[in-house]
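Have a look at this one.
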Amino acid sequence: MSITPDEIIATAKLAKLQVDDKDISEVTERISAILELVDQMQAIDTSEIQPMANVLDAVQYLRPDTIVEPDNKILRRDQFQQIAPATDEGLYLVPKVIE
């Protein structure tokens, strides 16, 4: 698949990109090379290939799922509400943004 300079100009306009007239031919060549590589990759028969989750066959080690904060949420809420601009009965008061 190849692309024409007119298509590059139209695509750049749609994407709101500014491409100088002197660079149109270089951009056209580079994008055409990318599209040719994509065509080559699509031509490869991958029906016998198993999909991989990670190309490096790496394992992600996860931390244990343990509680790391104390279970005194009310105390922390009271501390946070002391520095809040406005609160009422345990709730944060914020300005109205939708009428």
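Just to be sure I understand the filter: pairs with C-beta atoms under 8 Å, separated by 6 or more residues or on different chains, first member in region 75-99 and part of a strand (DSSP E or B), second member not β-branched (Val, Ile, Thr). Which pairs pass?
Taking only residues 6 or more apart or on different chains, the pairs are Thr87/Gln81; Thr87/Leu93; Tyr92/Gln81; Tyr92/Ala84; Tyr92/Ala86.
Is it true that some residue in region 15-35 is assigned to a helix (DSSP H, G or I), of a type in the set (S, T, N, Q) and within 26 Å of the chain's Cα centre (by Cα)?
yes
A short reminder: the numbers here are calculations on the coordinates, not readings from a lab. Note that the coordinates shown come from a computational prediction; the quantities given were computed from them, not determined experimentally. Cβ sites come from the backbone with ideal geometry, for glycine too, and all protein chains shown count toward neighbours.
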